[in-house]
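The structure appears right after this line, and notes come after that.
The values are calculated or read from the model by the stated rules, or taken from the named source; none is laboratory data. Remember, it's a predicted structure, so these values are computed and weren't measured experimentally. Reconstructed Cβ throughout: ideal geometry from the backbone, glycine too, with neighbour counts over all protein chains shown. The area values use the complete protein model at the heavy-atom level, side chains included, leaving out ligands, DNA and RNA. Shrake-Rupley method; radii C 1.70, N 1.55, O 1.52, S 1.80 Å.
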Amino acid sequence: MNKMYKVLATASILAMAAVPVAASAQDVPPETVHNGQGIIQNQVKVVPGTMGQITDFVNDQTGKFITVTGRGLAPSDQSQIILSITKDTKIVDSKGKTVALKTIMDEKKVVKAFYSPNITKSLPPREAALTLVVQDQSFTAIEGTVSEVRDGSILVKGTDIYNSNEDTIILHFADKATILDQDGKAVEAGAIKEGMSIKAFYGPAVAMSLPPQATTNYIRVNTNNETGEGEAEVGHELAAGTDGIITNTSEGKITVIGKPHEKGGVNYVILSVDDKTQIVDEDGKVLTKDALKAGIHMDASYSDIMTMIYPAQTHASKIVVKKAESVKIEGTVAPSDSTSKDQVYVNVGSDDSKANDVILNISKDTQIIDDLGGEAALRAGTKIIAYHSPIMTRSLPGITNAEVVIVTSVENAVTPR
């Protein structure tokens, strides 16, 4: 028996030695387990990961955070995640050599980011980074619609996920390209049809033809929304939505913050609005885009295929404009003896005058968003933009219900004890 255990121990050591340092974060060596009957079984620990570029960086009193945007290493892994960088986070290249985080961001390097499966339920989810492995080659990605299918290639029109610019490109399939459907199941290239929503990764080499051409080796395609006319079908376009407030309008786009629909959606989204967007009031009367103004309440329906940057972006298929409107204020959260639990005192205008200050009631229905993608906390010194009910008490300062609070800066916020 002692000889058998010695052989097993030697084999385990050799197996562990064969695993590259950088790869060990993903492919954890099998753990030898004795089941009490003389049979050895192997158990493999799976570590989730995301491969992509670092699209956001925050370094403040709450910690150091990066946002990795790209694709999951497994179909069930995250395409975008916010990761905290701690003293235990290892940042290395493919040979195990330490790499500076600043170098990765400055050179827009692609990384494989590994983290615990205990991620938060936020969008994007959050977790501590275990290991970042810098890749030797870079890539970019387009998210949009297949407008033409050719022999061995497709023409895609959409948006670059890293710079949000409109893009059109011919993508040629690599010999061993990974093509997955909306459920993460492998499909053949022949399953891709005109009109399907798609997210494809390509590069680094791009031929500067018109349109540009590149080779893709990883594609996620929604095979449920084919129409043959280059447009997603209505059933898919109405697959998600947000019931909330317009907080900004700019060049054919609106920013909406509110409650996601039960069938899908996000609480913070930028929606493109065009001639194909149906805009109506609560009675079904057709309206123009002029009705979409900051502060109005509305219910938007849109596709569940969206760019996973922060905030998410997609096309609005239908908007129902409501009669209610909210009042917008800007200011700084200030300490006050006149507030109680679940209330914040806002120094409107961040000035010395108290005549226009407001006390906001914060409830479970209040949407609190950090515009920088961090953790939203209404501490004294935090600068905010808030939308509140037009109904307010006649006290000084007035008290009203906060509907949306957007954190714009925590530079002077009080550090939590």
Karplus 3J(HN,Hα) series, Hz, for segment 149-158 with 6.51 cos²θ - 1.76 cosθ + 1.60 (x for Gly, Pro): 10, 10, 6, x, 7, 9, 9, 10, 10, x
In this structure, among Lys121/Lys328; Lys259/Lys285; Lys64/Lys383, pairs with alpha-carbon gaps over 26 Å are Lys121/Lys328
Would you kindly calculate the mean projected area, averaged across all directions, of the convex hull enclosing the Cα atoms of segment 102-189, in square nanometres? 8.0
Can you work out the Karplus-derived ³J(HN,Hα) for every residue in segment 194-205? Use 6.51 cos²θ - 1.76 cosθ + 1.60 with θ = phi - 60°, whole Hz, and x for glycine or proline. 4, x, 7, 6, 8, 10, 10, 9, 8, x, x, 7
Under 5 Å between amide hydrogens, which residues at least 5 positions from Thr159 or on another chain qualify, with H placed 1.01 Å from N in the peptide plane? Glu143, Gly144, Asp167
Per residue, accessible area of segment 337-417 with a 1.4 Å probe, heavy atoms of protein chains only, in Å², comes to 57
Kirkwood-based Rg over Rh for segment 303-370 (C-alpha set), two decimals? 1.11
Ignoring ligands, DNA and RNA, please state the percent of accessible area on segment 262-304 from carbon and sulfur, probe 1.4 Å. 44
Between Gly241 and residues 5 or more places away or on another chain, the pairs with built amide H atoms under 5 Å apart involve His261, Gly264, Gly265, Val266, Tyr302
Cut-off under 5 Å, modelled amide H: who pairs with Ile368 long-range: Val405
May I ask for the net charge around Phe173, where only other residues with Cβ less than 12 Å from the Cβ of Phe173 are counted and Lys, Arg are +1 while Asp, Glu are -1? -1
Excluding residues fewer than 8 positions from Lys193 in its own chain, the lysines with Cα under 17 Å of it are Lys157, Lys185
Nearest 5 percent is fine: what portion of the DSSP beta bridges confined to segment 45-167 is antiparallel? 85
Could you give log10 I(q)/I(0) at q = 0.11, 0.19, 0.21 Å⁻¹ for segment 273-417, computed by the Debye formula over C-alpha point scatterers of equal weight, without solvent? -0.51, -1.13, -1.25
Karplus (6.51, -1.76, 1.60) ³J(HN,Hα), θ = phi - 60°, over segment 68-76, in Hz, Gly and Pro reported as x: 9, 10, x, 9, x, 5, 10, x, 8
Nearby aspartates and glutamates by direct alpha-carbon distance to Lys293 (threshold 13 angstrom, same-chain neighbours under 8 apart not counted): Glu251, Glu325
